[in-house]
1. In segment 122-203, with Lys and Arg counted as +1 and Asp and Glu as -1 at Cβ, which of these residues, 175, 190, 163, has the Cα nearest the positive end of the dipole, that is, farthest along it?
2. Just the number, please: Stokes-Einstein D of segment 433-551 in µm²/s, Kirkwood Rh from C-alpha pairs, 37 °C, 0.692 mPa s.
3. Report, in whole Å, the centroid distance computed from the Cα atoms of segment 1-53 and segment 433-467.
4. Could you list which residues have their amide H under 5 Å from that of residue 125, counting only those 5 or more apart in sequence or on another chain, with H placed in the peptide plane?
5. Check which residues have an amide H placed less than 5 Å from residue 177's amide H, if you skip close sequence neighbours.
6. Can you give me the three principal axis dimensions of segment 544-600 from its C-alpha atoms, in Å, biggest first?
7. Only four residue types carry charge here, +1 at the Cβ of Lys and Arg and -1 at the Cβ of Asp and Glu. Report the dipole size of the chain about the Cα centre in Debye, rounded to the nearest 20.
8. From zero up to wherever the largest Cα-Cα distance of the chain sits, split into 20 Å bins and tell me the percent of pairs in each.
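The values are calculated or read from the model by the stated rules, or taken from the named source; none is laboratory data. Since the model is a prediction, treat every value here as computed from it, not as a measurement. Neighbour counts run over all protein chains shown; Cβ positions are idealised from the backbone, glycine included. Note: accessible area is taken over every heavy atom of the protein model, side chains too, but ligands, DNA and RNA are not part of it. Shrake-Rupley method; radii C 1.70, N 1.55, O 1.52, S 1.80 Å.
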Amino acid sequence: MGIKYYESERAFKLDTPQSTYMIGIVDEEDFIGHIYYGKRIEDYHLSYLLRTNEGPYVPSKNNRDRGSFLDCFPMEYSTHGIGDFRESCLSVKTSKGHSACSLAYVDHTIYKGKKTLEGLPATFGKDNECTTLELICRDKLLQLEVVLSYTVFENLDVITRSTKITNKHTENITLTKALSVCLDMDNKDFELLTLHGSWARERHMQRRRVGYGKQGTSSIRGESSHQDHPFMALLTADATEDRGEVYGFHFVYSGNFMAQVECNQFDTVRAVMGIEPTDFSWQLEEQASFTTPEVVMVYSAEGLGKMSRTLHDLYRNHLIRGIYKDKKRPILINNWEATYFDFDTDKLLAIAREASALGIEMLVMDDGWFGTRSSDNCALGDWQVNEEKIKGGLKYLVDEVNKLGMAFGIWFEPEMISPDSDLYRVHPDWAIAVPNREGTLCRNQYVLDLSRKEVRDYVYECLRKVLSSANITYVKWDMNRPLTNIGSYYLEANQQGELYHRYVLGVYELQQRLIDEFPELLLENCSGGGARFDPGMLYYSPQIWCSDDTDAIERLKIQEGTALIYPLSAIGAHVSDCPNHTVGRTTPFETRGYVALLGTFGYELDVTRIPEEDRAMIPQQVAMYHKYNDLVRQGDYYRIASYSQNHMYDCWSVVSKDKKEVLVTFVQVMARPNYRSRRIYLKGLDTKAFYRIEGSEEVYAGDALMYGGLNIQSIFGDFKGQLIHLIAE
Ligand code: DGJ
């Protein structure tokens with residue numbers, strides 16, 4: 001495992017338990033080429049894969065066709081304007097207006113462990129958990145230094161990458177494009193898997209064949225977005241949940257992104273990922289640096305399921321931080337779908353009283369407690385408690401809730417400003433806007449210019465004041481609109497292109513301040529549902545609200561796409577009331593509980609007004625959560641059947657790391673008349689063990705359950721679910 005440099009081969013070999021990644025230095029000019037990424041190979045004599053012994057040949061042998069060489073050589077980090085016409089990662093604007101750049105190898109270092117990325121979220125690992133290679137390259141003319149960093153994790157098939165670009169020239173230079181990753185491979189008849197959707201239907205999977213030209217996904221919304229997701233996977237055409245090769249790429253970033261794959265004239269494939277270049281530029285003064293956000297690369301030779309489990313382990317152990325990293329989260333009840341803006345102290349306390357008697361552990365007060373906010377048209381930015389609603393003040397409410405034995409959480413939308421707010425009346429220039437152009441309202445609000453320190457300080461002080469005023473142990477941090485009309489009253493003209501990224505850095509800085517000062521706080525990110533569910537936000541909050549769509553059936557698809565790349569412990573999921581507020585569907589209360597169990601588990605309903613039989617079920621669900629949450633949070637996730645593919649039923653399981661305990665969740669979405677039991681094939685069991693189905697006398701061998709299967713009796717009625725708990729004897 002780890003990273004080695006082979007002098008004779010001029011090659012770097014990066015090994016994970018089951019994958020190998022190789023980089024080679026080529027020719028007198030020291031081009032940095034990508035040799036190989038895939039299934040682990042023990043030998044290091046792989047440089048023949050660079051094809052330097054066939055035309056158009058390296059420039060020292062055939063400078064006449066230098067352009068042809070540059071346009072087909074597998075580049076480790078592609079640059080713009082010198083003859084490689086595939087997608088570039090790096091492009092500049094010099095003081096003379098030129099854009100070309102070209103990199104050559106200069107030096108390298110290999111060390112144990114992994115450095116942090118200043119101001120950016122990134123995976124972390126101890127010295128005995130990972131090894132890092134820094135490849136130092138340079139454009140001699142521009143005096144631009146580029147350090148390509150690769151970290152290999154010891155026990156996971158993961159390589160993370162990022163790039164640091166430093167201006168070593170005396171003249172300023174502008175970066176106009178600075179992606180994080182380039183990967184050139186021969187085409188293996190790849191298919192591209194991406195995640196797409198909209199508000200209330202986030203992260204639905206899309207799979208398509210990679211053809212000639214450029215395909216991919218991106219966001220210019222200033223957030224990772226409901227519509228697209230900073231993830232892509234290249235799959236061999238035969239790849240399934242359990243078989244075939246998968247190369248996953250996940251961007252640890254929360255703003256604009258591009259993820260692109262391109263099949264070109266020689267049937268080679270280039271994948272790139274990084275900050276979307278539209279409206280991006282970055283001024284680099286002498287000795288100044290720019291660090292690109294990290295990309296996580298995962299290799300799996302065992303289909304998508306293995307990729308998911310690798311990412312889950314990586315994020316649980318090497319990205320999520322804080323006291324809740326490995327801890328059970330309190331079962332919360334959120335008042336949003338219960339009351340919307342129509343609440344006061346009495347109503348909240350009534351909900352809390354009932355909830356605490358049923359075993360719910362925390363009350364979360366959602367939007368509407370501050371300023372004059374009685375609808376979503378005003379008051380964002382005025383973070384003073386509205387004591388007409390919160391009678392007796394916030395401390396009184398929190399104390400009363402605490403007396404019931406419950407914790408208290410609160411909602412904020414710190415990044416926003418309503419035109420109808422005291423804040424806007426005093427500081428209209430604090431909103432992101434293009435002067436003299438009418439701003440584009442979304443939900444009647446603008447976005448604060450978080451590139452300005454004074455704005456960040458104001459927002460932080462507001463948060464700090466409220467959080468210090470009472471015993472508040474949870475914050476839901478919301479963000480309900482994309483960025484438009486990109487302009488800052490504060491930045492110089494030549495820095496306006498930095499606003500999108502500075503904004504994201506501002507969000508990160510604020511959240512870091514918050515968790516530094518309130519280390520006990522449970523932070524849940526949210527963005528109008530799941531518009532900013534990304535690894536970047538996961539670095540600051542161990543859980544993220546997955547979607548405003550709480551319908552159990554819609555959630556099957558949303559949570560399938562989310563669990564494809566995120567651990568279940570991170571997926572915000574609540575049981576809500578029916579008919580569901582988004583789709584009007586009525587599902588059994590029991591099924592709603594099973595689906596929410598796949599995530600953090602909580603409630604979002606007026607527990608004083610739901611049907612008695614539903615209320616009576618809450619203590620059982622609370623017990624179910626306590627019984628299974630350790631397994632759900634820490635176990636291995638296996639997808640057994642996909643409702644989004646078969647349109648009839650859904651099934652997944654979680655298997656404990658020691659394979660002694662298994663929880664299978666089966667949801668029969670549509671009942672089928674005159675049908676026999678459905679057979680499902682369990683996964684990830686100990687083939688030599690025998691498993692007892694809890695609550696029955698049935699005992700089956702692990703290999704029988706995996707290869708022969710388990711019969712699930714059909715249930716009468718749509719939207720019915722069941723849990724099957726197996727314990728090894
Ligand atoms: C969007 C969130 O996703 C909801 O859960 C709720 O908090 C509303 N915003 C409040 O405005």
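1. 175
2. So the translational diffusion coefficient is about 211 µm²/s.
3. 48 Å
4. 114
5. Those qualifying (amide H under 5 Å, at least 5 residues apart or on another chain) are 91.
6. 30, 18, 15
7. 840 debye
8. P(r) for the chain, in whole percents per bin: 17, 48, 30, 5, 0.
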